[in-house]
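The values are calculated or read from the model by the stated rules, or taken from the named source; none is laboratory data. All figures in this text were calculated on a predicted structure; none of them were measured in a lab. As a convention, Cβ positions derive from the backbone with ideal geometry for all residues, glycine included, and neighbour counts pool all protein chains shown.
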Amino acid sequence: MRTLLLLVLSMVTVVREVTAQDAQCVLERAAMVETIRSYARSHVSVLGQQGLSGRVLEAMGQTQRHLFIPERSCSIAYADMPLPIGAGQTISQPFIVALMTQLAYVAPDDVVLEVGTGSGYQAAILAHLARKVCTIEIIPQLAAAAAKTLKDLAYDNVSVRLGDGYAGWPDCGPFEAIIVTAALGHVPAPLIEQLKLGGRLVMPVGPAYTTQQLTVVEKTGPGKTTTRAASLVRFVPFTRSPDKANRRLILEQHLRSRLAGWSLAESASCSNLSASGQKLH
Ligand code: SAH
């Protein structure tokens with residue numbers, strides 16, 4: 001009887017702690033939304049007088065960023081700063097996520113492509129706003145972790161694929177919006193091809209390891225686009241094919257996935273997975 005009582009008491013304490021932690025996270029997240037809302041007001045030249053839309057701010061307020069970072073700490077997650085997510089990659093600063101999402105003008109019925117899944121956070125934001133989100137990641141461990149996080153959090157309208165996003169994902173498109181979250185010197189032609197008429201592509205364009213121009217490309221007609229530079233940003237590089245370390249990881253992933261019963265593309269190369277890449281979730 002005494003043991004049962006102690007067990008119940010300790011469970012109550014744990015529940016209280018978890019609830020207090022959750023409440024703290026809700027407060028920190030609300031503060032983050034306020035920070036990016038006011039930050040947006042100082043970016044009138046990019047966002048106009050209206051700033052970030054209510055839908056984008058709502059999605060930022062509903063998405064639990066702390067569950068997408070390794071530390072899972074709310075005090076770290078809701079500061080307006082980029083954070084490491086492993087494999088030398090980073091999750092973008094929340095304001096930049098909101099800015100890119102805003103510039104993509106995602107409507108509820110849209111199908112959206114993201115290149116550079118990373119932690120899955122940007123994909124989760126898009127999942128709140130769009131009908132379907134397809135996201136591609138070139139690093140196997142990140143693709144697998146993001147697919148798991150998104151599945152655990154019941155983001156049922158997101159599909160994650162392991163591969164090189166340069167070729168886009170034709171089977172998933174065409175897309176009303178495409179967001180690329182890694183920097184490259186040019187906009188990949190296959191991505192423009194997979195944009196619907198009137199569709200928007202948002203991407204950091206410029207050299208690696210320095211600042212780039214956050215660029216918005218709009219498809220205005222067959223073979224016609226308009227391009228504008230929105231803001232200076234600094235993103236991790238867009239990589240084209242797996243380096244040696246990645247190749248080893250792909251092979252490890254391959255073996256692990258065989259054990260776990262996943263279906264996986266046979267190739268150890270990520271460079272040509274547009275039609276045969278592994279869909280993780
Ligand atoms: N959007 C992510 C952050 C992305 S960081 C988030 O919300 O967490 C950029 C990501 O792009 C990295 O994970 C990197 O591995 C990935 N990447 C770089 N080149 C790529 C390519 N060619 N295809 C797909 N993903 C790529």
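For this structure, a couple of remarks:
- When the helices (runs of 4 or more DSSP H) confined to segment 68-139 are screened for residues that are over 13 Å from the mean Cα position of the chain (by Cα), away from the ligand (no atom under 13 Å from the Cβ) and touching a residue at least 24 places away in the same chain (Cβ under 8 Å), those reaching at least 2 such residues are found at 74-77, 94-103.
- Across segment 104-126, the number of residues qualifying as buried (at least 24 other Cβ atoms within 10 Å of the Cβ), of a type in the set (A, V, I, L, M) and closer than 17 Å to Leu52 by Cα comes to 4.
- Residue within segment 250-262 that is modelled with pLDDT under 95 and touching a Lys or Arg at 6+ places or on another chain (Cβ under 9 Å) present: yes
- Residue under evaluation Val217, criteria (1) touching a residue at least 40 places away in the same chain (Cβ under 8 Å); (2) in contact with a helix residue (DSSP H, G or I) (Cβ under 7 Å, 6 or more places away or on another chain), criterion not met: (1)
- Candidates are the residues of segment 180-212 that are among the small types (Gly, Ala, Ser), over 24 Å from Leu129 (Cα atoms) and part of a loop (DSSP other than H, G, I, E, B); the one that is modelled with the lowest pLDDT is Ala208.
- Ala208 vs. criteria hydrophobic (A, V, I, L, M, F, W, C) and out of contact with any Lys or Arg (no Cβ under 9 Å at 6 or more places or on another chain): yes
- Tally, over segment 156-168, of residues that are touching a Gly at 6+ places or on another chain (Cβ under 8 Å) and either away from the ligand (no atom under 13 Å from the Cβ) or of a type outside the set (A, V, I, L, M) (or both): 3
- Screening Asp156 against (1) within 19 Å of Gly198 (Cα to Cα); (2) not in a helix (DSSP H, G or I) leaves a single unmet condition, (1).
- Check on Ala177, outside any loop (DSSP other than H, G, I, E, B) and over 10 Å from the mean Cα position of the chain (by Cα): yes
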